[in-house]
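Novice: Before I ask anything, here is the structure I am working with.
Quick note: the coordinates plus some simple rules give every number you see, no bench work behind them. Values in this document were obtained by computation on a predicted structure and should not be read as measured data. Cβ sites come from the backbone with ideal geometry, for glycine too, and all protein chains shown count toward neighbours.
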Amino acid sequence: MKRVSTNRLTLRLQSDLLEVLKQSADKKDLTLNAMITNILNKNVTYDETVNVIPNMVVPYDLFFNIITKIDEPDLNEIVKSGPNVVKKLFDIMGVPYDIDHVIHNYITTLSKYCNWFEFSYKISGNNYRLVFCAGSSPKWATFVLQYVKTILESLKIAVINDSLHDGIVVFEFSHKDYL
């Protein structure tokens with residue numbers, strides 16, 4: 001197991017901020033140090049990935065309602081812009097546009113910080129399995145499926161299996177299946 005190096009740092013915090021951090025750490029059963037590290041890591045990761053291109057923070061319920069009110073043809077047009085957004089983001093960050101970077105630098109970040117879905121994946125040799133828990137709305141889950149599918153297609157990935165059941169979206173493909 002590799003040990004991560006750390007450094008000691010002294011900070012001055014406002015008393016009320018410190019109290020909020022301590023309470024939040026207690027609720028999450030974390031040390032104050034771990035809590036502050038998590039917050040800093042989240043902010044840096046978010047700023048270096050999601051916020052590299054102009055974004056707006058929209059409450060999930062509002063965004064969810066917008067997506068569910070859009071008719072199918074308009075939703076399909078919106079979904080088609082997904083790969084261009086990711087490519088632009090990766091160009092700015094200097095990250096290669098390939099499946100491994102899309103998983104680690106985009107989909108995982110959306111899952112952690114934007115709450116579009118819960119995401120897990122398994123890579124076994126050349127085989128990939130991506131699982132998205134998109135919630136109970138059929139239209140939202142369909143949006144997630146179509147959005148991710150357009151990104152995978154832009155990467156020239158031939159999906160062996162994609163499925164949508166009860167808000168769970170699954171993609172399976174093999175690395176050798178690149179077109």
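Novice: Looking for something surrounded by 12 or more Cβ atoms within 10 Å (Cβ to Cβ), touching a residue at least 12 places away in the same chain (Cβ under 8 Å), closer than 19 Å to ALA134 by Cβ and out of contact with any Lys or Arg (no Cβ under 6 Å at 6 or more places or on another chain) - is there at least one such residue anywhere in segment 15-23?
Specialist: Checked segment 15-23: no residue is surrounded by 12 or more Cβ atoms within 10 Å (Cβ to Cβ), touching a residue at least 12 places away in the same chain (Cβ under 8 Å), closer than 19 Å to ALA134 by Cβ and out of contact with any Lys or Arg (no Cβ under 6 Å at 6 or more places or on another chain).
Novice: To continue, here is another question. Tally up the residues in segment 118-139 that are on the phi > 0 side of the Ramachandran plot and either part of a strand (DSSP E or B) or surrounded by 13 or more Cβ atoms within 10 Å (Cβ to Cβ) (or both), please. So that I can check it myself, show each step before the final result.
Specialist: If we filter segment 118-139 for residues that are on the phi > 0 side of the Ramachandran plot, which is where we start, we get 125, 135.
Next cut, either part of a strand (DSSP E or B) or surrounded by 13 or more Cβ atoms within 10 Å (Cβ to Cβ) (or both) only: 135.
Total meeting the criteria: 1.
Novice: Could you check, for segment 85-92, whether at least one of its residues is in contact with a Phe, Trp or Tyr (Cβ under 7 Å, 6 or more places away or on another chain), under 24 Å from HIS165 (Cα atoms) and touching a residue at least 40 places away in the same chain (Cβ under 8 Å)?
Specialist: So far as segment 85-92 goes, no, none of its residues is in contact with a Phe, Trp or Tyr (Cβ under 7 Å, 6 or more places away or on another chain), under 24 Å from HIS165 (Cα atoms) and touching a residue at least 40 places away in the same chain (Cβ under 8 Å).
Condition check ((1) over 21 Å from LEU62 (Cα atoms); (2) in contact with a helix residue (DSSP H, G or I) (Cβ under 6 Å, 6 or more places away or on another chain); (3) not aromatic (Phe, Trp, Tyr)) across all residues:
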{"residue": "ILE78", "(1), (2), (3)": "no, no, yes"}
{"residue": "PRO83", "(1), (2), (3)": "yes, yes, yes"}
{"residue": "VAL95", "(1), (2), (3)": "yes, yes, yes"}
{"residue": "ASP100", "(1), (2), (3)": "yes, no, yes"}
{"residue": "TYR106", "(1), (2), (3)": "yes, yes, no"}
{"residue": "ASN115", "(1), (2), (3)": "no, yes, yes"}
{"residue": "ILE151", "(1), (2), (3)": "yes, yes, yes"}
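Novice: For segment 130-179, give me the residue count where each residue is in contact with a Ser or Thr (Cβ under 9 Å, 6 or more places away or on another chain), more than 19 Å from ILE70 (Cα to Cα) and of a type outside the set (A, V, I, L, M).
Specialist: Number satisfying all stated conditions: 5.
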